[in-house]
Amino acid sequence: LRPASGSRQQDAPGAADGLALASDPGGTLNFLAMVENLQGDSGRGYYLEMLIGTPPQALNILVDTGSSNFAVAGVPDPDVTSYFNPELSSTYRSQGIEVTVKYSQGSWIGVLGTDVITMPKGLYGSYTINIATILESENFFLPGVKWHGILGLAYDALAKPSSSVETFFDSLVRQAKIPNIFSLQMCGAGLPVSGSGTNGGSLVLGGIEPSLYSGDIWYTPIKEEWYYQVEILKLEVGGQNLELDCREYNADKAIVDSGTTLLRLPEKVFSAVVQAIAHTSLIQEFSSGFWTGSQLACWDRTEKPWSLFPKLSIYLRDENSSRSFRISILPQLYIQPILVIGDNLQCYRFGISSSTNALVIGATVMEGFYVIFDRAQRRVGFAVSPCAEVDGSPVSEIEGPFTTADVASNCVSSVSFHEPVLWIASYALMSLCGIILLVLIVLLLIPPRCQHRYTDNDVVNDESSLVRHRWK
């Protein structure tokens, strides 16, 4: 990779630098072959076609940067059109390990195994990957989805049942010897959410494809390698700073997650954004149900409501910590067409929601940008996406650098009880309780004559007297 000045990338890293693939007869990564290898929409996710097993079974796999397991439907389900049958694959090997994964919406239970996969529009060759076959699920496969599994692209810290399960992308890096970087473009700006057609997109494995972005790439450090956790410094609505403590934006984490459809904001930030949008917009009275997602707003199909709403900007810390840059989305990205009523009305939803535990940069924002997950250099990059246009005009912007003199030197809480840590703490507490219980049982079983009886002649210091009186 050839970095330009600061943390902007002006050249085309990986485009022609001889990134060799051992299994690729051409000797180089062909990023153009991966362009437009995704289909989907912002309401139901973007998916990649994959061939699994021997002989190959074709499935569509949801691309999710907010989880770390590769899992596919393993039994028939009323909401999926296809599933992977491991009994029909001669290369499938069951590990006999049950795995359970819970998401912000939905969950599933499956069995861990391995099999070979190939990607018709991905890397050349086949690779042996850990695969969970989903046997039971709840609110995971939903009516109308066109995908049959999920491709978790986050770090192994989130993998279930433990971080020892090698993730899909780690397996590719090891077996295909590709650079530890991938990039993602989702092209749904201004198109109907969950429409009958499918939008395009690109998942580039091993590098960056220059045709998928314009201008510079701006990078922000990954704060911790579990989710793609970043540091947000401030938000602006219509150019006006929300004036919140920057730690509010990172409570308790801020992540980049392609598997989340909306821009999700911590409750305090969400309330401030809604208030600012309502104050700035040209609509005097607006139903509260629109902001909470329970109601749609409808206009005549000849009208475009986007001119009534302000621009939303998110400031991220630059790799040079004394600087920041901002990514901005126009209302065409967060006021989203979803339903046509009759011949005249087009109805829209609010593409932002509240969250109890994170700020999540989901599809609402990601559809405006080409996003680079540079795991090798522990950073996430953003560049303007050429497909982020509505009626021929761009609906996203990147600007910088800006000084960070007006924000704290660290906006991320130093104390963060992440899920793996919580599991360790839970096991430690269970073990401690077990030991205490065992001691109590032993004490109850000790014959009375073996117990020491204190007399007036016992000499005790202050510390032991506390123990003595406590036991009495």
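Scanning the stretch 258-289 for residues that are of a type in the set (A, V, I, L, M) and not in a loop (DSSP other than H, G, I, E, B) yields Leu263, Leu265, Val269, Ala272, Val273, Val274, Ala276, Ile277, Ala278.
In the stretch 214-234, the condition of being open to solvent by 10 Å² or more (accessible area, probe 1.4 Å), charged (D, E, K, R), at pLDDT below 95 and within 27 Å of Pro331 (Cα to Cα) is met by no residue. Residues that are open to solvent by 60 Å² or more (accessible area, probe 1.4 Å), over 23 Å from Val340 (Cα atoms) and among the acidic types (Asp, Glu) within the stretch 268-322 comprise just one, Glu319. Filtering the stretch 343-362 to residues that are over 26 Å from Ala251 (Cβ atoms) and either outside any strand (DSSP E or B) or open to solvent by 10 Å² or more (accessible area, probe 1.4 Å) (or both) leaves Asp343, Asn344, Leu345, Gln346. Evaluating Glu209 against the criteria (1) open to solvent by 20 Å² or more (accessible area, probe 1.4 Å); (2) farther than 30 Å from Gly110 by Cβ; (3) touching a strand residue (DSSP E or B) at 6+ places or on another chain (Cβ under 8 Å) leaves one unmet condition, (1). Of all residue pairs spaced 6 or more apart or on separate chains, those with beta-carbon atoms under 9 Å, a first member in the stretch 224-253 that is in the same structural domain as Ala358 (by the TED database) and within 18 Å of Ser104 (Cβ to Cβ) and a second member that is among the hydrophobic types (A, V, I, L, M, F, W, C) and open to solvent by 40 Å² or more (accessible area, probe 1.4 Å) are Asp252/Phe417. Looking across the stretch 363-383, the residues that are under 22 Å from Gly400 (Cα atoms) and assigned to a loop (DSSP other than H, G, I, E, B) come down to Glu367, Gly368, Gln377, Arg378.
The values are calculated or read from the model by the stated rules, or taken from the named source; none is laboratory data. Because the structure is a prediction, the values reported are computed rather than measured. Positions of Cβ are generated from backbone atoms using ideal geometry, with glycine treated the same way; all protein chains shown enter the neighbour counts. What goes into the accessible areas is simple: the full protein's heavy atoms, side chains included, and nothing from ligands, DNA or RNA. Shrake-Rupley method; radii C 1.70, N 1.55, O 1.52, S 1.80 Å.
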